[in-house]
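Values quoted throughout were computed directly from the atomic coordinates according to the rules given, and no laboratory measurement underlies them. A quick note: this is a predicted structure, and the numbers were derived from the prediction, not measured. A quick note on method: Cβ atoms are made from the backbone with ideal geometry, for glycine too, and the neighbour counts reach across all protein chains shown.
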């Protein structure tokens, strides 16, 4: 009797769970990659799914997104059997949620944004990425050193399309106003310039510490000066932060913050949004300098209205590499840099690798450089860079003793995140230089 | 739940007891009763089945998964089958720095300290909501509990913040409390100094600014609940007290407040659980602050679990949060709410 009741209840539960299961499995049956079993036959239709981070800006325009659409269309014109299904996803969602979830689910897009470094290594270890070393050998050879962040254990798993070093952007007119005649090459000279700008009532340096990473880049640059190349590059795989140079980077940063070079309320300041952001302060002439990557001229341009104003602002921008510190094991001509690239999912059709080689080709890279969005990863594209300041960056990129990838990208989200959280604590006065290294050591032990 | 109990009381147990009696039941009646029973259980299964399945899939399964993940070293990227089992190490790292003496100091500084700080913020908010929000909401409700022109309008205005989406409200206050925002200008205009480093970023003011916003957001709910409770208090009691010479305050304090006790206790329960799980507003306001000065346990969990990809540790924090909520809720049910529940049972 009781048994029968239970059976009836179970049957009803089973019926409703069957409904749920049916609803779930429905999407699973749909083939996401029709070309997955394709062997490269040019007559078989292939649709490549592609996730990138170029989304429309505040003004509704999306120059990079438009550029990728054109690249895809051009590739389809050359290979009529290949079509693209492009999805534009906001950077943070793409990197933190969409890609990890898609990879976990085994239903990843064929081509997706790849930032390189520690994150790429984790994806390779999990077996998610296609080895491009052989198929894209020609393209990789052309890219030279810029491809290093997309390599792991001597193999290439991603192809960068842009790569640039960072340095200090400044307003020439404000330097003139404060009586500064030459770009600083040492920290002492920078400190002297900071004092001159202050006495001229100009904010010397803007930093968007509210977004954490812009503040963290100051520490990275001090680490680049205090740590030797071996220590820096070894830490990317050993996660050993016992060398005193890591604490020294924080001590140097602390000493620099103590000279009060930044705008007031710097931990409340965003990097790029609004006139009170660090980029806004420089673009509107309230602050003289900002440490940033090669992308920043286009961010500044967003604050100027009209072509004339944009041109005037662009002409007033200068750039110098991070000055040398008085001591430390680092090479004073080493630079920090980073870029953006793409990877192919391990089960993607072979056309994916061919398409990435196309993205890195001289033709596409020259067209990319001509858009002025960023610096091309392929040196052949550099000739198409017209902006004189960006040309200077390209020159530093090739003349630097070595280019160290952004440290948060190098160490991956876990150690990199702990590092950035610690560094912003130095800015906020809640963390010591040793505290930053503690955070990195602890995070390294959890991975 | 209620339907199950009521129908159970009406038919099942009563029928069963009668069959134990000396009286013999005819086969026809027996068959009828069987059919009734079958029907009853199919109904229960039909109506609770789908809800039960959803509950299992979206509540029980995730909680069980989090408990499982919390015992592993897992970055959420590699396959879980390759993750390393580390027992209760994630919990130990959060609570006191972990079992490895070599890294204990590092974990204390970077994991344990922020964890306790965040938990401290949660409990401070619980304390403050009882010490500040409760009396404030009670006074406003008592004052508004009378007829005056524009009463409905005032009630709508008071309730409005609760209806606004957390994200919209958060962005709005973020702009108001910007170092160049209205709040700063207002404070300067009356001759005071706004907090150094900005309202949210100041190590002391950050927490209080967020508490102010949370109070603004949730006070309306408390007031509306109390007003609803007050409208259920019998007019005759208040009138009788007045005739006996009780002042307005005495009527409120001796009659109205005790009679809306159950409402106050339920509000306090919701408020405590809400404070433990406080996330949306804190996250919108720059993810708990750049140095975590007003981080809550939920924002700390998201920071580590999703942004640092340490799913194992993040899951351990989630489980700790779950246990705290469960213990607090059960304790509250068994102590404070016991009398209200007993009253409810009696009245049934």
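Numbers below:
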| quantity | calculated |
| --- | --- |
| Quotient of C-alpha Rg and 2.2 N^0.38 Å, computed over the range A:209-353 | 1.28 |
| Efficiency of FRET between residue B:51 and residue B:131 - r from beta-carbon atoms, R0 51 angstrom, step 0.05 | 0.85 |
| Whole-number percent relative contact order across the range B:118-346, with pairs defined as alpha carbons under 8 Å at least 6 apart | 26 percent |
| Between 0 and 90°, nearest 10: helix A:2-28 axis offset from chain A longest Cα axis | 60 degrees |
| Full-stretch length increase - residue A:153, residue A:213 - with 0.36 nm per residue and alpha-carbon distance subtracted | 18.8 nm |
| Rh (Kirkwood; distinct C-alpha pairs) - the range B:181-264, Å | 16.3 Å |
| Expected 222 nm ellipticity per residue - DSSP helices of 4 or more, -39500 (n - 2.57), all of chain B, to 500 | -20500 deg cm²/dmol |
| Quotient of C-alpha Rg and 2.2 N^0.38 Å, computed over the protein assembly as shown | 1.15 |
| Estimated 222 nm signal from helices in chain A, with DSSP H stretches of n ≥ 4 weighted -39500 (n - 2.57), rounded to 500 | -14500 deg cm²/dmol |
| Beta bridge orientation in the protein assembly as shown: antiparallel %, DSSP, nearest 5 | 60 percent |
| Sorted by Cβ neighbour density within 10 Å, fewest at the top, the residues A:142, A:310 | A:310, A:142 |
| Rg over Rh, two decimals, the range A:293-447 (C-alpha only, Kirkwood Rh) | 1.03 |
| Förster radius 35 Å - calculated FRET efficiency between residue B:116 and residue B:81, Cβ distance, rounded to 0.05 | 0.55 |
| Value of Rg to Rh for the range B:118-346 (Rh from inverse mean 1/r over Cα pairs, i.e. Kirkwood) | 1.04 |
| Nitroxide proxy distance, nm - points 7 Å out along Cα→Cβ at residue B:168 and residue B:325 | 2.6 nm |
| Degrees between helix A:213-226 axis and first principal axis of chain A (Cα, 0 to 90, nearest 10) | 70 degrees |
| Separation of the residue B:193 and residue B:67 label points, Cα + 7 Å toward Cβ, nm | 5.3 nm |
| Span from the the range A:146-191 Cα centroid across to the the range B:231-264 one, whole angstrom | 72 Å |
| Chain A, relative contact order in percent, only Cα pairs under 8 angstrom and at least six apart counted | 23 percent |
| Cβ-Cβ FRET estimate between residue B:59 and residue B:243, R0 fixed at 60 Å, reported to 0.05 | 0.65 |
| Helix A:362-371 vs. chain A, principal-axis angle (Cα, 0 to 90°, nearest 10) | 60 degrees |
